[in-house]
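Everything on this sheet refers to the single structure shown next.
Only the coordinates and a few stated rules stand behind these numbers; no lab work does. What you see is a predicted model; the values in this text were computed from it and never measured. Methodologically, a virtual Cβ is constructed for each residue, glycine included, from the backbone with ideal geometry; neighbour enumeration extends over all protein chains shown.
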Amino acid sequence: MSLEQKALRNDIESYLRGEQPPPEALAKAPSLEQWAVGIERTPDGGCAMRLHGVPYRHPRLPDGKQAATGELLWLDRRGRWARTWARVWKLGAPAGDTIPLDGVDV
């Protein structure tokens, strides 16, 4: 198991105990404004949940341009932060309260 996988496992275990990311992790996390949850079809035929919104301070995404996160692994039930495979995101104001099902048969 890689160091990143161990860190992710430890993060998820802490979330299951009701903890949240440490303040220093949230302080350096990119933020996502006007966000919404989306469920999309993956290339292998499965489904993935992602956040769509306007990112700021992300290492590879331009500030202020609509984008999607990687696959969502954890969403704080109060909508303050989220965890994807790669990182923690700070969440600003949501765009709405519906979950679009783009290309997913339910």
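Output yes when any residue across region 3-25 is in a strand (DSSP E or B), farther than 15 Å from ASP76 by Cβ and charged (D, E, K, R), and no when none is. Scanning region 3-25, I find no residue that is in a strand (DSSP E or B), farther than 15 Å from ASP76 by Cβ and charged (D, E, K, R), so the answer is no.
Residues in region 23-36 that are within 13 Å of ARG87 (Cα to Cα) and surrounded by 10 or more Cβ atoms within 10 Å (Cβ to Cβ): ALA25, LEU26, LYS28, ALA29, PRO30, SER31, LEU32. For region 37-84, a residue qualifies if it is among the β-branched types (Val, Ile, Thr) and loosely packed, with under 14 Cβ neighbours inside 10 Å, and exactly one does: THR42. Pairs, please: C-beta under 9 Å, at least 6 apart or cross-chain, first residue aliphatic (A, V, I, L, M) and in region 83-97, second in a loop (DSSP other than H, G, I, E, B)? Pairs that qualify, where the first residue is aliphatic (A, V, I, L, M) and the partner is in a loop (DSSP other than H, G, I, E, B), are ALA86/THR69; ALA86/GLY70; VAL88/PRO21; VAL88/ALA29; VAL88/PRO30; LEU91/ASP76; LEU91/GLY79; LEU91/ARG80. Report yes if ALA95 is of a type outside the set (Lys, Arg) and either touching a Lys or Arg at 6+ places or on another chain (Cβ under 7 Å) or surrounded by 10 or more Cβ atoms within 10 Å (Cβ to Cβ) (or both), otherwise no. Against the criterion (of a type outside the set (Lys, Arg) and either touching a Lys or Arg at 6+ places or on another chain (Cβ under 7 Å) or surrounded by 10 or more Cβ atoms within 10 Å (Cβ to Cβ) (or both)), ALA95 qualifies. What about SER14, is it surrounded by 13 or more Cβ atoms within 10 Å (Cβ to Cβ) and more than 16 Å from the chain's Cα centre (by Cα)? Judged against the criteria, SER14 is a match.
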